[in-house]
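Q: For reference, the structure I am asking about is given below.
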Amino acid sequence: MKAPLRKLSAVVVGASAGGVEALLNLFVGLPGDYGLPVVVVLHLPDGRESLLPDLFARRLALRVKEAQDKEVLQPGTLYFAAPGYHLCIEADGSFSYSREEPVHFSRPSIDYLFDSAADVYGSQLLGILLTGANQDGAAGLYTIKQRGGVTVVQDPQEAQVATMPEAALALHQPDYILPLRGILALLTELDSRPC
């Protein structure tokens, strides 16, 4: 099932095992002036500083940073969730942190980000779930779908670890099941939609 392409306000992405390589392959093709904010939860061990912003900033044209509490989302920026905190998007388009209990043994949790983003952006949200070894993100992606957003699952046959994409597919039929190159093409096309 294909969702009609439309003007979007934000992109949220979840990944776990195999996610660093998948995200690098996905985002290396996006231009520095990409018109949407992109927010990523990649499962990280608690209590350690994340090296993801530095790693990705050296490889991508996009501006890359760790999301900060109370910071307002900006287009053309790739945000990573900080380790040890759930990342939430508030109604005013800013981030907030939470130390609530882990979800599917993860904090930050993909479900937590996806649920909050779906509440804020509704049909103007694109949710993408990539490779991973647990079920985090499956329920959140379904919430995005229920709120009218566009949902994408990485093709499980391509995913380094298929558990997470398969968990999402067990809950609902997403708008797109694509390999990474197809997700990049979709991101590029959605960015080019007229206002």
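The values are calculated or read from the model by the stated rules, or taken from the named source; none is laboratory data. Treat the numbers as computed from the prediction; the structure is a model and nothing was measured. Neighbour counts run over all protein chains shown; Cβ positions are idealised from the backbone, glycine included. Just the protein is used for accessible areas: all its heavy atoms, side chains included, with ligands, DNA and RNA removed. Shrake-Rupley method; radii C 1.70, N 1.55, O 1.52, S 1.80 Å.
Q: Run lengths n ≥ 4 of DSSP H only: what is the helix-derived mean residue ellipticity at 222 nm for the chain, with -39500 (n - 2.57) per run over all residues, to the nearest 500?
A: Value at 222 nm, helices only: -8500 deg cm²/dmol.
Q: Restrict the search to region 99-144; then list the chymotrypsin sites (Phe, Trp or Tyr not before Pro) that DSSP places in a loop and that have at most 12 other Cβ atoms within 10 Å of their Cβ. Don't skip to the answer; put the middle values down first.
A: Details: sites: Phe105, Tyr112, Phe114, Tyr121, Tyr142; in loops: Phe105.
Counting only loop positions with at most 12 other Cβ atoms within 10 Å, the chymotrypsin sites (Phe, Trp or Tyr not before Pro) in region 99-144 are Phe105.
Q: Next up: In the Gaussian network model of the chain, springs joining C-alpha atoms below 10 Å, which of Ser116, Ser50, Ser16 carries the largest mean-square fluctuation?
A: Ser50
Q: OK, next. So what does Lys70 come to for accessible area, using a 1.4 Å probe and Å² rounded to 10?
A: Estimated to the nearest 10 Å², Lys70 gives 140 Å².
Q: Here's another thing I want to ask about it. Can you give the accessible area per residue of the chain, in Å², using a 1.4 Å probe?
A: Result: 43 Å² per residue.
Q: Also, quick follow-up: Is region 92-133 rounded, prolate or oblate when judged by the Cα gyration tensor, a ≥ b ≥ c being the square roots of its eigenvalues, rounded requiring a/c under 1.5 and prolate requiring a/b larger than b/c?
A: Verdict is oblate for region 92-133.
Q: Related question: Using the 2.2 N^0.38 Å rule of thumb for compact globular proteins, work out how region 1-148 stacks up: its C-alpha Rg over that value, please.
A: 0.95
Q: Is region 85-195 best put as rounded, prolate or oblate by its Cα gyration tensor, with a ≥ b ≥ c the root eigenvalues, rounded for a/c under 1.5, and otherwise prolate when a/b is larger than b/c, oblate when not? Could the numbers behind the result be given before it?
A: On the way: a/c = 1.84, a/b = 1.08, b/c = 1.70.
Since a/c reaches 1.5 but b/c is at least a/b, the shape of region 85-195 is classed as oblate.
Q: If you roll a 1.4 angstrom probe over the protein chains with everything in place, what fraction of the accessible area of the chain belongs to carbon and sulfur, to the nearest %?
A: C and S atoms contribute 50 percent here.
Q: What GluC sites (Glu not before Pro) in region 45-110 are in a loop by DSSP, with at most 15 other Cβ atoms within 10 Å of the Cβ?
A: Hits after loop and neighbour filter: Glu49, Glu71, Glu90, Glu100.
Q: Taking the alpha-carbon distance from Lys7 and a cut-off under 20 Å, which lysines remain once sequence neighbours fewer than 8 residues away in the same chain are dropped?
A: By straight Cα distance, Lys7 reaches Lys145.
Q: Compare Leu62, Leu184 by solvent-accessible area with a 1.4 Å probe and give them largest first, with all protein chains kept in place.
A: Ranking Leu62, Leu184 by accessible area, largest first, yields Leu184, Leu62.
Q: Select from Leu44, Leu24, Leu141 the residue whose mean-square fluctuation is largest in a Gaussian network model of the chain (Cα-Cα springs shorter than 10 Å).
A: Leu24
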